[in-house]
Structure formats: C-alpha cells, structure tokens
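The values are calculated or read from the model by the stated rules, or taken from the named source; none is laboratory data. Here the structure is a predicted model, which means the values were calculated and not measured. Cβ placement follows ideal geometry from the backbone for every residue including glycine, while neighbour counts extend to all protein chains displayed. Surface areas here come from the heavy atoms of the whole protein model, side chains and all, with no ligands, DNA or RNA. Shrake-Rupley method; radii C 1.70, N 1.55, O 1.52, S 1.80 Å.
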Amino acid sequence: MLTLRTPRYDEAALLTELCLRSKAVWGYAPEFMQACRDELTLTPELMRSSHLQIAELDGRLVGVAQVTVKGSVADLDKLFIEPTQLRSGAGRTLFDWAKNTAREAGAGMMVIEADPDAVGFYRRMDAVDDGVAPSGSIPGRFIPRLKLVL
C-alpha cells in the first residue's frame with residue numbers, strides 16, 4: 001500500500017540518490033547527470049525551508065516531492081519517482097499532495113520547471129505550458145515551464 005510521510009533529515013542522501021536515479025531514466029549522459037547533482041541534492045537545510053513528502057510502498061522509499069511557497073505562488077521544486085515505480089500512481093499521489101499543500105499555504109498557482117520528458121505527466125495533471133525557464137544546472141539550456149491554477 002502506498003503511503004506518504006514527512007522525511008527525516010537523515011534521509012537527505014537517500015532522497016538525493018532517488019532524484020538522480022529518477023532523472024537518469026531519460027537516458028542522460030553521465031556528464032549531464034553530474035552537472036545536475038547540486039540542483040537535485042537535498043540537505044537538511046533545504047528540507048527545513050520547504051514542504052517535503054515522501055512516498056513509500058510497503059515500507060520502501062519510492063518517491064519524493066518538494067514544494068516552496070512564496071506568497072501566492074508555489075514552486076514544485078522536485079517530484080521524482082523510483083524508476084521501477086513509474087506508472088504506479090506514486091507520482092500522481094505526490095502531485096496531489098503538492099497541490100493541496102500549496103493551496104493550504106495560500107498559493108493560487110503552482111509553477112513547474114520540468115524535464116522535457118516529464119512534461120506529458122504534468123499536462124495530464126492539468127498543468128498548462130507557460131514558456132521556458134533557464135536550467136538551474138546547465139548554462140544555456142532552457143526547460144519547459146508549466147503552471148497550474150490551484
């Protein structure tokens with residue numbers, strides 16, 4: 001059974017590795033993945049300054065979502081699923097948690113800067129295209145930006 005819970009600070013390294021495995025599923029080169037490492041790293045400090053939730057399936061860590069709310073706008077900072085659990089419902093469950101958390105914190109819109117290969121998922125979750133944003137990891141690279149009215 002899939003359950004959600006707040007992660008512990010001592011799980012930061014495990015969550016970082018999950019994010020990296022999930023990102024790598026799109027076939028990126030090792031150099032690209034290394035360039036993304038800092039942006040995908042979770043630390044106890046980051047965990048304290050945002051809303052985080054992890055998904056577990058039968059006690060195994062299978063996903064993580066991170067939301068930061070600034071006034072009326074929320075950023076979906078991370079939503080990563082263990083590659084073996086893609087299409088299991090964990091992503092949808094974590095996305096629903098992110099929407100509800102953002103709404104409860106006073107946001108009226110959630111912004112998503114997505115991997116190009118993940119855009120289809122966010123569109124199925126009713127997010128709409130909203131241009132592009134510069135990559136936080138790769139200078140000169142732009143990634144899709146989507147928004148969702150909450």
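Scanning segment 97-143 for residues that are of a type outside the set (A, V, I, L, M), open to solvent by less than 30 Å² (accessible area, probe 1.4 Å) and in contact with a strand residue (DSSP E or B) (Cβ under 6 Å, 6 or more places away or on another chain) returns Thr101, Tyr122, Ser135. When residues in segment 14-24 are screened for being touching an Asp or Glu at 6+ places or on another chain (Cβ under 8 Å) and surrounded by fewer than 19 Cβ atoms within 10 Å (Cβ to Cβ), 1 of them pass. Give the residues of segment 1-33 that are among the hydroxyl-bearing types (Ser, Thr, Tyr), in a loop (DSSP other than H, G, I, E, B) and in contact (Cβ under 8 Å) with a residue 60 or more places away in the chain, sorted by residue number. Scanning segment 1-33 gives no hits.
Note on segment 60-86: residues that are open to solvent by 60 Å² or more (accessible area, probe 1.4 Å), modelled with pLDDT under 95 and in contact with a strand residue (DSSP E or B) (Cβ under 9 Å, 6 or more places away or on another chain) amount to 1. Please determine whether any residue of segment 34-52 is buried (at least 18 other Cβ atoms within 10 Å of the Cβ), touching a residue at least 40 places away in the same chain (Cβ under 8 Å) and not in a helix (DSSP H, G or I). Yes, the conditions are met somewhere in segment 34-52.
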